[in-house]
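Peer 1: Take this structure, written in structure tokens, and hold onto it; I'll ask about it next.
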Amino acid sequence: MGLVGQGRCRCNWVKLIYRSTFGTFVTVRQPIVSVLGHVDHGKSTILDRIRGTKVVAREAGGITQHIGATDVPMDAIYSQCRGLTGDREFSVPGLLFIDTPGHYSFVSLRSRGGALADLVVLVIDINEGMKPQTIESINILKKLKTPFVVVANKIDLIPGWRAQEDTPIGESIRLQDPRVVAEMDEKIYALAGRLYEVGGFSADRFDKISDFTKSVAIVPVSGKTGEGLPDLLLVLIGLAQRFLGSDLSTEDGPGEGSVLEVKEDKGIGTTIDTIVYHGTMAVGDTIVISSVGGAPIQTKIRALLRPKPLDEIRDPSKKFDQVKSVSAAAGIRIVAPDLEDAMAGGQVRVAGDDVEEVVQEVQRESAIQAELSEQGIIVRGDTIGSLEALAFEADKEELPIRKISLGKVSRKDVIEASNFDDPLHRAIFAFNVEINPDARDAAREMGVRLFENQVVYRLLEDYQLWCDERSRELEVQSRLDISFPGKISILRDHVFRVSKPAIVGVRVLAGRIRQGQFLMRNDGRTVGRIKSIRSGEKTLREARMGDEVAIAIDDVTVGRQIEVEDVLLVDIPESHVAKLAGQELSVDEREILDKVIEIRRKESPFWGS
């Protein structure tokens, strides 16, 4: 894909595009670049190297816990790309990077009508290759039609690699042993092959691509040593400037943004980290924000806190600048009243003159876009985007969803699920949300299965394993509830009691017999019900073909209704015939069923139809 089929306009680039007849300025904003990748493949390490920060070291376990944003101005890019840019100048004002703890957080971040990101950097450990989360990321990018570049990270771990700090990859390659370079290219070739297998994308090393609209660029880098990062920055700037022109134009009008995170700031109260992707926001503006409670929040901006260039909004190393206004594209922390129920991944809109219209638009944008079925499971999640991503993956697995919503799993959800007709739908997915204690108790009492995970493919895997196990249990139960075909003969010298009940030894000639079944003669006469089955001292639920067991039969007397060496059939109720049609029967069982049907139809021609 690269930038193929993305609906991106190729147009000339100018800093100030035009002044319309209405006096509106249209300017070029920074491209928003989201960084995705499997845990531990080096997303944040790459950004730390570009920023000159140590955010990763301060994260729990070195793993990104929150969504972050970093403004990388063009001056910093020129500085890092010295030797590659030559005399070329770019009118893109820089890059705004978003670092996420997972690809479903990426889906949560959206502008009106699509993904928030203009470009995506998909980080893959060149030595480990694709992981399930990587594949899910590719599927999401394909669905959202978002252009992306693949970063083949950790080239410094290729055996024999000699690190060259912060150098362009071409220069570093020239200083490597040819065998090491050959191994790197082989790994890149393998990645390109997997990209085609997974998503149907043509891909190649970036410096071998002549048409970026037809191939995905793979940039080999080391987040640890900085090798290849100048090339990555230059590729991103080049692609943005050449292909994303009209998409980066922003009018000087009411601001629009997407909420990264809702957080509690000591001494300030609840704030929202936001990406402003269109227009301008200013202190004193009335804003409308998506709410987890449903009805959008209306409030006024008290303060706008902006991180310094190359600093990280979620974990800044320097004090924020307090600004009066901010224009797209920018990461900003908004201070305002009544933000406690603001929704991560939701919309922030400056209301302008028509507050009610903006409220309605935000309400529409906050609706979860997922296809629901009359039958299916219940899904709860933490953000709109993550729920939509889960619904997308569930649809691919042909798993129907009956109800999907934000927030914790409640007792009401469990009660609702317990009444679903299909036992395999009596399940609830809790995707990165809590389950109320009373809901857990109710689930145990009512037989509803709760699935908890922060990774979609694991939820789906766990559900499929449960379905397989539950299906086997249901099949066993179903077979216990149905009178299966069976045929027995009464053994000579094995009459232990003549009546009340009669106890005789029998051999199961075909099929099976089970406690509670009635027996019939070949003339169609019912002769009694099996009260119990025993083998020695052991009581059995059923006996199968070839077994010799003792059975107790109610309402018969040996020598009257039954005789030694009689052959008897299981008397199958007419209502069970249709159920048996859906069961896997052996050849012998099928023959017995046909025989019973033949006998009964002598009395009633349409019996069992």
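The values are calculated or read from the model by the stated rules, or taken from the named source; none is laboratory data. Note that the structure is a prediction, hence the values are computed from the model and not measured. Cβ atoms come from the backbone with ideal geometry, glycine included; neighbour counts cover every protein chain shown.
Peer 1: Please specify each residue of region 463-489 satisfying the condition of being modelled with pLDDT under 90 and over 27 Å from the mean Cα position of the chain (by Cα).
Peer 2: Within region 463-489, Glu473, Leu474, Glu475, Val476, Gln477, Ser478, Arg479, Leu480, Asp481, Ile482, Ser483, Phe484 qualify.
Peer 1: Here is a follow-up. For the structure I just gave you, tell me whether Ile289 is closer than 21 Å to Arg51 by Cβ, of a type in the set (A, V, I, L, M, F, W, C), surrounded by 22 or more Cβ atoms within 10 Å (Cβ to Cβ) and within 33 Å of the chain's Cα centre (by Cα).
Peer 2: For Ile289, the condition - closer than 21 Å to Arg51 by Cβ, of a type in the set (A, V, I, L, M, F, W, C), surrounded by 22 or more Cβ atoms within 10 Å (Cβ to Cβ) and within 33 Å of the chain's Cα centre (by Cα) - is not met.
Peer 1: I'm trying to understand the selection: among the residues of region 437-451, which are buried (at least 17 other Cβ atoms within 10 Å of the Cβ) and either in contact with a strand residue (DSSP E or B) (Cβ under 8 Å, 6 or more places away or on another chain) or on the phi > 0 side of the Ramachandran plot (or both)?
Peer 2: Ala439, Ala443, Val448, Arg449, Leu450, Phe451
Peer 1: Name the helices (runs of 4 or more DSSP H) wholly within region 3-87 that hold at least 1 residues that are in contact with a Phe, Trp or Tyr (Cβ under 8 Å, 6 or more places away or on another chain) and at pLDDT 85 or above?
Peer 2: Ranges flagged: 43-51, 74-80.
Peer 1: What single numbered condition from (1) over 23 Å from Leu119 (Cα atoms); (2) in a loop (DSSP other than H, G, I, E, B); (3) of a type outside the set (Phe, Trp, Tyr) fails to hold for Leu304?
Peer 2: (2)
Peer 1: Separate question: Scan region 293-316 residue by residue and report those that are crowded, with 21+ Cβ neighbours inside 10 Å and either among the hydroxyl-bearing types (Ser, Thr, Tyr) or touching a helix residue (DSSP H, G or I) at 6+ places or on another chain (Cβ under 6 Å) (or both).
Peer 2: Pro296, Glu312
Peer 1: Name, by its number, the condition in (1) closer than 16 Å to Phe429 by Cβ; (2) over 15 Å from the mean Cα position of the chain (by Cα) that does not hold for Ala367.
Peer 2: (1)
Peer 1: Somewhere in region 363-385, is a residue in a helix (DSSP H, G or I) and surrounded by fewer than 15 Cβ atoms within 10 Å (Cβ to Cβ)?
Peer 2: Yes, the conditions are met somewhere in region 363-385.
Peer 1: Where residues in region 153-201 are touching a residue at least 60 places away in the same chain (Cβ under 8 Å) and of a type in the set (Val, Ile, Thr), which of them is farthest from Leu232 (Cα to Cα)?
Peer 2: Only one residue fits best here, namely Val198.
Peer 1: In addition: With respect to the numbered conditions (1) surrounded by 19 or more Cβ atoms within 10 Å (Cβ to Cβ); (2) part of a loop (DSSP other than H, G, I, E, B), which one is the sole condition not fulfilled by Asn522?
Peer 2: Unmet for Asn522, out of (1) surrounded by 19 or more Cβ atoms within 10 Å (Cβ to Cβ); (2) part of a loop (DSSP other than H, G, I, E, B): (1).
Peer 1: Taking Ile599 as the residue in question, decide whether it is surrounded by 15 or more Cβ atoms within 10 Å (Cβ to Cβ), farther than 15 Å from Arg514 by Cβ and more than 46 Å from the chain's Cα centre (by Cα).
Peer 2: yes
Peer 1: Considering each residue of region 317-342, count those that are buried (at least 18 other Cβ atoms within 10 Å of the Cβ) and either assigned to a loop (DSSP other than H, G, I, E, B) or of a type in the set (A, V, I, L, M) (or both), and give that number.
Peer 2: Result for region 317-342: 10.
Peer 1: A further question on this structure: Quick check: anything in region 555-562 under 15 Å from Ser489 (Cβ atoms), surrounded by 15 or more Cβ atoms within 10 Å (Cβ to Cβ), assigned by TED's automatic domain parsing to the domain that holds Ser586 and in contact (Cβ under 8 Å) with a residue 60 or more places away in the chain?
Peer 2: yes
Peer 1: Tell me the residue from Asp177, Asp185 that is within 30 Å of Ala76 (Cα to Cα), modelled with pLDDT of 95 or more and of a type outside the set (Phe, Trp, Tyr), please.
Peer 2: Asp185 is the lone residue from the list that is within 30 Å of Ala76 (Cα to Cα), modelled with pLDDT of 95 or more and of a type outside the set (Phe, Trp, Tyr).
Peer 1: Would you be able to say whether some residue in region 340-355 is touching a His at 6+ places or on another chain (Cβ under 9 Å) and in contact (Cβ under 8 Å) with a residue 60 or more places away in the chain?
Peer 2: no
Peer 1: Here's another thing I want to ask about it. Out of the residues in region 386-401 that are within 14 Å of Phe429 (Cβ to Cβ) and surrounded by fewer than 17 Cβ atoms within 10 Å (Cβ to Cβ), state the one that is modelled with the highest pLDDT.
Peer 2: That would be Pro400.
Peer 1: Pull up region 343-362, narrow it to residues that are in a helix (DSSP H, G or I) and not polar (S, T, N, Q), then point me to the one that is surrounded by the most Cβ atoms within 10 Å (Cβ to Cβ).
Peer 2: Val362
Per-residue answers, yes or no, for (1) within 27 Å of Ala367 (Cα to Cα); (2) in contact with a Cys (Cβ under 7 Å, 6 or more places away or on another chain); (3) among the β-branched types (Val, Ile, Thr):
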{"residue": "Ile287", "(1), (2), (3)": "yes, no, yes"}
{"residue": "Val292", "(1), (2), (3)": "yes, no, yes"}
{"residue": "Leu304", "(1), (2), (3)": "no, no, no"}
{"residue": "Val326", "(1), (2), (3)": "no, no, yes"}
{"residue": "Pro337", "(1), (2), (3)": "yes, no, no"}
